[in-house]
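One structure is given here, and the rest of the page talks about it.
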């Protein structure tokens, strides 16, 4: 079972992992209404390193990106649900629109993102590669998204 780590403590957690000779993979997102697409994405993410860290957009960040009606689930609930997944080791919240400063702090060995991005369109790509990390793009599960779930609920 994963743990929520305060941002102020994530550097110490990563330092301990590295001292053990282990690797870290990060990913980020809102993970608002968890669905099978999220689960498969997070399971695939975990295959790239010994420990997985999900950088979770805070409620403030989700509202900034998705609009005032989101998130549907608050940050504490979203974090707890993610921690219940065996493929998630740690969750850390961030308030910004982009996780770039948190990525710079963690310096992951690998960072995953959805295949709708490329190295050229991923804002945090430069900081990942400058710190010796690599990026893995993961394909989405067709027809599975939080937006489509919300739309279905409205009809």
Residue match in the stretch 79-89 (condition: crowded, with 22+ Cβ neighbours inside 10 Å and farther than 20 Å from residue 9 by Cα): no
So residue 104, is it surrounded by fewer than 18 Cβ atoms within 10 Å (Cβ to Cβ) and at pLDDT 95 or above: yes
Residue satisfying all of: in the stretch 7-27; under 15 Å from residue 110 (Cβ atoms) and assigned to a helix (DSSP H, G or I); nearest to the chain's Cα centre (by Cα) among these: 14
Residue check, residue 42 assigned to a helix (DSSP H, G or I), modelled with pLDDT of 95 or more, in contact with a helix residue (DSSP H, G or I) (Cβ under 8 Å, 6 or more places away or on another chain) and farther than 20 Å from residue 7 by Cα: yes
Complete set of residues in the stretch 28-39 that are within 20 Å of residue 98 (Cα to Cα) and part of a helix (DSSP H, G or I): 38
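Got a sec? Which strands (runs of 3 or more DSSP E) wholly within the stretch 46-148 have at least 1 residues that are in contact (Cβ under 8 Å) with a residue 60 or more places away in the chain? Step through it out loud before you land on a result.
Details: elements: 51-57, 90-94, 110-114, 134-138.
Those strands (runs of 3 or more DSSP E) span 90-94, 110-114, 134-138.
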Test result for residue 31, crowded, with 22+ Cβ neighbours inside 10 Å, farther than 24 Å from residue 131 by Cα and either touching a residue at least 12 places away in the same chain (Cβ under 8 Å) or touching a strand residue (DSSP E or B) at 6+ places or on another chain (Cβ under 6 Å) (or both): yes
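The values are calculated or read from the model by the stated rules, or taken from the named source; none is laboratory data. Fair warning: this is a prediction, and the values are worked out from it, not measured in the lab. Heads up, the Cβs are rebuilt from the backbone with ideal geometry, glycines too, and the neighbour counts pull from every protein chain shown.
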